[in-house]
1. If I take the Cα coordinates of the stretch 85-174 and project them onto the principal axes, what are the three extents in Å, biggest first?
2. Longer than 27 Å from Cα to Cα, which of Lys25/Lys128; Lys53/Lys148; Lys16/Lys148; Lys53/Lys124; Lys128/Lys185; Lys124/Lys182 are they? Say none if no pair is.
3. For n ≥ 4 DSSP H runs only, could you compute -39500 (n - 2.57) per run for the chain, divide by its residues and tell me the 222 nm figure to the nearest 500?
4. Taking Cα atoms of the chain, Rg/Rh with Kirkwood Rh, to two decimals?
5. Using Cα positions and a limit of under 20 Å, work out the lysines in reach of Lys180, with same-chain residues fewer than 8 apart set aside.
6. Cα axis of helix 148-159 to longest principal axis of the chain: angle in degrees, 0 to 90, nearest 10?
7. Assigning unit charges at the beta carbon (Lys, Arg +1; Asp, Glu -1) and nothing else, what dipole magnitude in debye, to the nearest 20, does the stretch 14-129 show about its Cα centre?
8. Near the amide H of Gly5, under 5 Å away, which other amide H atoms are found, from residues 5 or more places off or on another chain, if H is placed in the peptide plane?
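What follows is calculated from the coordinates using simple rules that are stated; it is not laboratory data. Because the structure is a prediction, the values reported are computed rather than measured. Quick reminder, even Gly has a Cβ in these numbers, built from the backbone with ideal geometry, and neighbours come from all protein chains shown.
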Amino acid sequence: MSRIGKKPVSVPQGVKVELDGAHLKVSSSAAALSVDLRPEVKVEYDQKAAQIKVARRGETRLHRALHGTTRALIANMIHGVTQGFKKDLQIYGTGYNVKLQGNNFMVSVGFARPISLPLPEGIKVDIKTPATRGNDVPAEFSVVGADKCRVGQFAAAVRSLRPPEPYLGKGIRYANEHVKHKAGKAFASGT
């Protein structure tokens with residue numbers, strides 16, 4: 001039995017759960033998320049105990065895999081509507097900057113023009129430091145939202161615009177990411 005799948009998910013006060021067949025909706029005053037459940041798992045909501053329990057309908061490899069995955073998705077939904085998810089990113093490089101223009105996130109990372117990314121629904125960007133100062137002080141911003149998948153996907157899309165290069169470390173990276181630096185070419189003086 002899946003160790004993660006058999007743990008019940010507790011529903012905190014102020015979170016509304018609606019289970020309609022194979023459709024689960026979790027909502028609070030801050031956000032609302034929904035998921036279509038796979039037929040390989042059975043989800044039950046105990047309103048008195050304020051818990052959601054996930055059980056699998058068979059013992060195949062797919063049933064066992066979806067048991068823990070479904071429980072983790074439901075737990076992430078409840079965490080998302082109560083506290084939300086956040087990914088912190090940094091940009092290193094002289095002249096690099098970020099800004100918000102309406103519903104677009106503008107990123108200038110050394111290309112001829114700034115790159116414009118439309119913000120997905122339910123995603124917000126909080127800019128702490130809009131521009132870099134030299135190669136030492138990075139521009140810092142956070143991607144915030146209730147859906148863990150969307151937050152991670154948008155953060156990865158922003159990072160992929162200019163991943164950190166290994167020589168000077170210039171580019172976009174996660175705040176806790178360690179960039180392994182390489183030594184540059186060594187020039188020998190000719191005689």
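1. 35, 24, 20
2. From Lys25/Lys128; Lys53/Lys148; Lys16/Lys148; Lys53/Lys124; Lys128/Lys185; Lys124/Lys182, over 27 Å: Lys25/Lys128; Lys53/Lys124; Lys128/Lys185; Lys124/Lys182.
3. Numbers: 2 runs with 34 residues, N = 191.
After summing the helix terms and dividing by residue count, I get -6000 deg cm²/dmol.
4. 1.14
5. Lys170
6. Between the helix axis and the principal axis of the chain, the angle is about 10 degrees.
7. Taking the Cα centre of the stretch 14-129 as origin, the dipole is about 220 debye.
8. Hits under the 5 Å cutoff: Gly68.
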